[in-house]
Amino acid sequence: MPVTTKALSSSPRPVPGTFSVTATDGSARAGVLHTGHGAVPTPIFMPVGTVGSVKAVAPDDLHALDAKIILGNTYHLYLRPGDDLVARRGGLHAFAAWDRPILTDSGGFQAFSLSDLRKISEDGVLFRSHLDGSKHLFTPEKVIAIQRNLGSDVMMVLDECVPYGTDHAYTAKSVKMTTRWALRSREAYPAAMVRSGEASNLLFAITQGGFFRDLRTASVEELAPYDFDGFAIGGLSVGESKGEMYDLLRHTAPLLPATKPRYLMGVGTPLDIVTGIHAGVDMFDCVLPTRNARNGTLYTSAGKINIKRKEYAEDDAPLDPACNCYTCRTFSRAYLRHLYVAKELLAFRLNSLHNLTYFLDLVTRARRSIMDGTFADLYAETRELYKEELPTV
């Protein structure tokens, strides 16, 4: 006679957008953000997959590195292959064969920085494509529609990132407009859609304020009362000194809502990331690990290495004996230098695998140290390792 068993009841899956801080060490936080494609432990670093691909590495590589979330770019995917085409392919997850969370930026920064023609008005950003010169208008509503077509787990609102050196008067007006754009985005995609289960795309606001403390404060105060799923610090690392960036980072991060994830956009180096965590930031992205990998600059437990240097031509040691990535387990510095000098495409992959491992391990170590109450040790270690990058003032 067959034996039947009663199915064990399981707890309901957390609602996308749920964020909890599980440990703190000073201002540093360890937490978990729940999305439609799984949980994201924080602090987290997001490899950048601009056009739906993290350059030189495949999804199985990213799984092997245990990347929890990657970033895609709204501007580039809108222009090519087109968000409508991606939607017809089942969204960016299916199209790119990536089954974990994806955050997409608003595309506003690229519209500002890549276009020869750009006009900013209350409507949005009118820009000319860097591909074929065609004109396009990004409105707050259109940017949300594009990201919903892509199926992003985390969508970013349209904002204006003012250039370094912009005066106080213009920056103040820009902050007000960025706030209005954020509220238009929230209206276009109400929080109730996630809460009701109708959709699972989370929406993050972006605080701005240029290089003025009072405007950074004002931007946070204008946006914090509204029901966004997270809050970002935008407009840093755009030409200012490291001292200025750290000053504004340390000023702004504690002002952001403590119950929501905090995201520092487009930053940065290992020192920047650990400094951001020390200030209370949870999420980071940057092209640096893969871009520098393609240029031969590699991050190790002993500091940066320029693999193209002749001193490595007959060096049979692994790139970093303390690293367990495929590159370090398998190849010598001599071979990696040979690949780079020979312009062999494999150099891009192997170097990128290592640098991404370094950045992902760094935030994993940060999370563990926060939970152990030893983050101060990691902070001091990283500052010592990259002391040449520390602000001089």
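Put simply, the amide H of residue 295, placed in the peptide plane, has no neighbours under 5 Å, leaving out anything fewer than 5 places away on its chain.
Taken one residue at a time, the phi angles of segment 93-109 give Karplus couplings (6.51, -1.76, 1.60, θ = phi - 60°) of 4, 5, 4, 9, 6, 10, 9, 10, x, 10, 9, 10, 6, 7, x, x, 4 Hz. Gly and Pro are set to x. Taking all protein chains into account, the per residue accessible area for the chain stands at 44 Å² (1.4 Å probe). DSSP bridge analysis restricted to segment 228-350 gives an antiparallel fraction near 50%, rounded to the nearest 5. Cβ under 12 Å from residue 227's Cβ, residue 227 left aside: what net charge do those residues give with Lys, Arg +1 and Asp, Glu -1? Residues close to residue 227 contribute a combined charge of +1. The value of relative contact order for segment 48-186, using C-alpha pairs under 8 Å at least six residues apart, is 22 percent.
Among 179, 138, 293, which residue has its Cα furthest toward the positive end of the charge dipole of the chain, with +1 on Lys/Arg Cβ and -1 on Asp/Glu Cβ? Checking the options against the dipole of the chain, the answer is 138.
For segment 244-393, what is the relative contact order in percent, using Cα pairs closer than 8 Å and at least 6 residues apart in sequence?
Relative contact order comes out at 21 percent.
Bridge orientation summary for segment 1-114: considering DSSP beta bridges with both residues in this region, about 70 percent are antiparallel. For the chain, the carbon plus sulfur part of the accessible surface works out to 53%, probe radius 1.4 Å. For the chain, set up a Gaussian network in which alpha carbons nearer than 10 Å are linked by springs, and say which option among 217, 35, 74 fluctuates the most. Top of the fluctuation ranking is 217. Between the amide H of residue 206 and those of 157, 232, distances stay under 5 Å, these residues lying 5 or more places away or on another chain, with hydrogens modeled in the peptide plane.
Only protein heavy atoms count here; under a 1.4 Å probe, residue 83 has an accessible surface of about 20 Å². GNM remark for the chain: springs join alpha carbons under 10 Å apart, and the peak mean-square fluctuation among 147, 208, 110 falls on 110.
Counting only DSSP beta bridges whose two residues both lie in the chain, roughly 50 percent are antiparallel. Per-residue accessible area (protein heavy atoms, 1.4 Å probe) orders 378, 183 as 183, 378, starting from the largest.
Taking Rg and Dmax of the Cα atoms in Å as the quantity of interest, determine which of [x] 44.9, 175; [y] 21.2, 68; [z] 21.5, 82 was computed from the displayed structure. Of the labelled values, this structure produces [z]. Loop-located chymotrypsin sites (Phe, Trp or Tyr not before Pro) in segment 109-208 (DSSP state not H, G, I, E or B) with no more than 16 neighbouring Cβ atoms inside 10 Å: 164. For the chain, modelled as a GNM whose springs connect Cα atoms under 10 angstrom apart, the maximal fluctuation among 367, 148, 383 occurs at 383.
For residue 44, the residues 5 or more places off, or on other chains, whose built amide H falls under 5 Å of its own are 283, 284.
The values are calculated or read from the model by the stated rules, or taken from the named source; none is laboratory data. Treat the numbers as computed from the prediction; the structure is a model and nothing was measured. All Cβ positions, even for glycine, are placed from backbone atoms using ideal geometry, and neighbour counts span all protein chains on display. Ligands, DNA and RNA are excluded from the accessible area calculation, which covers all protein heavy atoms including side chains. Shrake-Rupley method; radii C 1.70, N 1.55, O 1.52, S 1.80 Å.
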